[in-house]
Amino acid sequence: MSLAIALHVLSVVVWVGGMFFAHQALRPAAVEVLEPPLRLPLWVATFKRFFPWVWLAISLILISGYWMIFKFGGFGNLPLYIHIMNGLGLLMMAIYLHVFFAPYKRLKKAVSAENWPEGGKQLAKIRMMVGINTILGLLTIAIATGGRYLIH
Ligand code: HEM
């Protein structure tokens, strides 16, 4: 149990903290400093390094989360905040899967073809979805940690 909760929260820190940094710090800085022919390849190189960590984080969040629920005796007698965390977590994962298999795939293709307008379009979609996932991630953390004191 202690290992499960530690891996769960560490994975959440890597995923949500990484999204926060990318969206709130690196994105505006890259827009300010770099033109599209440099900015778009930078994002492909960044995602190439960050997304494997997200796959690992998601796997660990799911394994540790359902392991803890199994140890609590199943879904039947869980407090509401864990159901909400589960639902929001699955929604975040669906959004990530969409980013990975749709706009990210097209962004890579556009960048290797040096098609900057198309790359910019795909990057804008990723930015919007990562923005939504950052908010959902912060909200999920707030509910996961504060929820037990508010709703039972
Ligand atoms: C998607 C499936 C998920 C499942 C099944 C799940 C399940 C759980 C369970 C059973 C706990 C232990 C609760 C307790 O000890 O009372 C927990 C803790 C926690 N979860 Fe999740 N979780 C999921 C996703 C997420 C996501 C996506 C986040 C954040 C973005 C998150 C953040 C947390 C945090 C911060 C804690 C620690 C709460 C505390 O001990 O104060 N979880 N989770």
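Worth a mention:
- Qualifying residue in the stretch 126-136 (condition: over 17 Å from Q24 (Cβ atoms) and over 11 Å from the mean Cα position of the chain (by Cα)): no
- Matching option when the condition is in contact (Cβ under 8 Å) with a residue 60 or more places away in the chain, assigned to a helix (DSSP H, G or I) and either under 22 Å from M1 (Cβ atoms) or charged (D, E, K, R) (or both), among I58, I84, I69: I84
- Of the residues making up the stretch 81-122, those that are in contact with a helix residue (DSSP H, G or I) (Cβ under 6 Å, 6 or more places away or on another chain) and among the aliphatic types (A, V, I, L, M) number 10.
- Cβ pairs under 7 Å, 6+ apart, first in the stretch 13-31 and at pLDDT below 95, second hydroxyl-bearing (S, T, Y): none
- Considering the stretch 8-35, the residues that are within 11 Å of the ligand (Cβ to nearest atom) and surrounded by 18 or more Cβ atoms within 10 Å (Cβ to Cβ) include one that is nearest to I126 (Cα to Cα), namely M19.
- Test: residue in the stretch 49-60 that is farther than 25 Å from A25 by Cα and within 16 Å of the chain's Cα centre (by Cα): yes
- Residue that is surrounded by the fewest Cβ atoms within 10 Å (Cβ to Cβ), among those in the stretch 58-74 that are within 6 Å of the ligand (Cβ to nearest atom) and among the β-branched types (V, I, T): I69
- Only one of the listed residues (L90, L38, L80, L97) is surrounded by fewer than 14 Cβ atoms within 10 Å (Cβ to Cβ), over 20 Å from I143 (Cα atoms) and within 14 Å of the ligand (Cβ to nearest atom). That residue is L97.
The values are calculated or read from the model by the stated rules, or taken from the named source; none is laboratory data. Bear in mind the structure is a predicted one, so any value in this text is a computation, not a measurement. Note that each Cβ is placed from the backbone with ideal geometry, even for glycine, and that neighbours are counted across all protein chains shown.
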